[in-house]
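Data first, discussion second: the structure below is written as structure tokens.
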Amino acid sequence: MPNCIFCKIVHGEIPSVKVYEDARVFAFEDINPISIGHTLIIPKSHAENIWEISEEDLAAIHVASKKIAQAIRKALDPTGVAVLQLNGRGVNQMVMHYHLHLIPRTANSPEISMTQWNIVPGDMALIRKTGEKIAAAMR
């Protein structure tokens, strides 16, 4: 994709701080990090979101995420790592190239709103109906 910033990073047209690379995956440090060590993992092949990415690239990203998370743990000793992936403008995806965030957290890190919410019991009839609808769409 000629105008995709992440495709340009993969092709070396834009500099990045590379953390990991294999045949399918490229990982680099986020230049607008939420925390020190915030890493992005992307497929080398352009895919905008979860609906477009190939199963092979998706699997490769998640296998790489474990390796990179282990390296983050060893290098930075975080208290946790948030794994975040957004799909579409409706959830604030900013770069329209599939990417997985690994965001190291420390004891003094401010909360990430995506990792903190109030537990409120749901309407079980609606939950059941929605689950059945999704399950039927799987067939």
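The values are calculated or read from the model by the stated rules, or taken from the named source; none is laboratory data. What you are looking at is a predicted structure, and each value in this text was computed from that prediction instead of being measured. Heads up, the Cβs are rebuilt from the backbone with ideal geometry, glycines too, and the neighbour counts pull from every protein chain shown.
Just a few scattered comments:
- Test: residue in the range 83-90 that is at pLDDT below 95, surrounded by fewer than 11 Cβ atoms within 10 Å (Cβ to Cβ) and not aromatic (Phe, Trp, Tyr): yes
- Here is the figure for the range 89-134: residues that are within 29 Å of Asp57 (Cβ to Cβ) and assigned to a loop (DSSP other than H, G, I, E, B) total 9.
- For the range 4-19, the criterion of being closer than 20 Å to Ile112 by Cβ and not hydrophobic (A, V, I, L, M, F, W, C) is met by none of the residues.
- If you filter the range 113-127 down to residues that are modelled with pLDDT of 80 or more and not charged (D, E, K, R), you find that the one that is nearest to Val81 (Cα to Cα) is Val120.
- Members of the range 25-52 that are in contact (Cβ under 8 Å) with a residue 40 or more places away in the chain and either touching a Pro at 6+ places or on another chain (Cβ under 8 Å) or among the β-branched types (Val, Ile, Thr) (or both): Ile34, Ser35, Ile36, Gly37, His38, Thr39, Ile41, Ile42, Ile50
- Flag for Gly131 being more than 25 Å from His11 (Cα to Cα), within 17 Å of the chain's Cα centre (by Cα) and loosely packed, with under 13 Cβ neighbours inside 10 Å: no
- Filtered residues of the range 27-70 (kept if among the polar types (S, T, N, Q), loosely packed, with under 14 Cβ neighbours inside 10 Å and closer than 18 Å to Gly88 by Cα): Ser54
- Unique residue being farther than 28 Å from Met1 by Cβ, at pLDDT 95 or above and in contact with a Ser or Thr (Cβ under 8 Å, 6 or more places away or on another chain) when the list is Ile41, Ile72, Ile68: Ile72
- Checking Ser16 against (1) under 14 Å from Leu100 (Cβ atoms); (2) surrounded by 13 or more Cβ atoms within 10 Å (Cβ to Cβ), the condition it does not meet: (1)
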